[in-house]
Amino acid sequence: MGALHDGHRSLMAEASSANDVGVASIFVNPLQFAEGEDLDSYPRTLDADAEMAEAAGIDVLFVPSVRQMYPSSTWTTVSLEVVTEPWEGASRPTHFSGVATVVTKLFNIVGPCRAYFGEKDFQQLAMLRRMVFDLNEPVEVVGMPTIREDDGLAMSSRNRRLLPEHREEASIVNRSLQAGAAAIEGGERDPQAVEAVVRAVLAGGVHCEEPDYVAVVDAASLAVPERLAGSVRLLTAVRFGDVRLIDNLGVDLDGREAVLGS
């Protein structure tokens, strides 16, 4: 959606180097925003974004208008309730349908391709993998590692809106997930116990609010298991003032990568 950073750069660079043609889209999608969310204030930096895309090797930059993407009222939308109802879906009920709908349109416009998405939005990545699998879309969804600031904060276009005191503390989000992962690696297999570890670290923050959620889930189903095994994801969303940050961390307990639809 623009306001590109080094996380986006890594996706574009991989898309360009691994394929004959690299295509990137920049589109602040109104379907992803519910009433009262930050559509109007979402950062738009097209000139800088275009420079970054070119430097990353992108051949085609697709920057449609809202009217081009939605020339009339949208009658058809895409939704995956099983994957998207909890966690982000509970906090932002219309968000994932907006993402799935616009990405389906982009896939149809581009045609058969590899599509690169960052793991920072892990629930979104899981949803898109399942969508492609269920709909037999001629697309290979490639997940790329989260790119972080030096203090561990996951790069996000929203980070630039953090107040200085909030930015100074924001690395607590990643530290809380690291503490949960350390508990798992130390032998803890009760997801509620690991969740409590994450929440305890977040509770030590001065500026962060009560998290929207903390979840310790199976990476393939996004469900909370009775006992942790296989590929695990720790998920959280935390607000600092009016800025909402999401992050996640994976722990692989048996060496297998979990992929929805496999």
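Looking across the stretch 42-68, the residues that are in a helix (DSSP H, G or I) and either of a type in the set (Lys, Arg) or in contact with a Pro (Cβ under 9 Å, 6 or more places away or on another chain) (or both) come down to Val66, Arg67. Considered as a group, the residues in the stretch 199-240 that are assigned to a loop (DSSP other than H, G, I, E, B) and within 20 Å of the chain's Cα centre (by Cα) include one that is nearest to Arg92 (Cα to Cα), and that residue is Asp212. Within the stretch 83-128, how many residues turn out to be more than 25 Å from Val238 (Cβ to Cβ) and either β-branched (Val, Ile, Thr) or assigned to a helix (DSSP H, G or I) (or both)? Total satisfying the criteria: 10. Every listed requirement among (1) within 27 Å of Pro138 (Cβ to Cβ); (2) at pLDDT below 95; (3) buried (at least 19 other Cβ atoms within 10 Å of the Cβ) is met by Val66 save one, (3).
Kindly evaluate Ser171 against the criterion of being over 15 Å from the mean Cα position of the chain (by Cα) and among the hydroxyl-bearing types (Ser, Thr, Tyr).
Values: over 15 Å from the mean Cα position of the chain (by Cα): yes; among the hydroxyl-bearing types (Ser, Thr, Tyr): yes.
Criteria met by Ser171.
Would you check if there is a residue in the stretch 162-176 being surrounded by fewer than 21 Cβ atoms within 10 Å (Cβ to Cβ), under 20 Å from Ser91 (Cβ atoms) and either in the same structural domain as Pro43 (by TED's automatic domain parsing) or out of contact with any His (no Cβ under 6 Å at 6 or more places or on another chain) (or both)? Yes; the residues of the stretch 162-176 include at least one that is surrounded by fewer than 21 Cβ atoms within 10 Å (Cβ to Cβ), under 20 Å from Ser91 (Cβ atoms) and either in the same structural domain as Pro43 (by TED's automatic domain parsing) or out of contact with any His (no Cβ under 6 Å at 6 or more places or on another chain) (or both).
The values are calculated or read from the model by the stated rules, or taken from the named source; none is laboratory data. No experiment lies behind these values; they were computed from the predicted model shown. Virtual Cβ from ideal backbone geometry, glycine too; neighbours counted across all protein chains shown.
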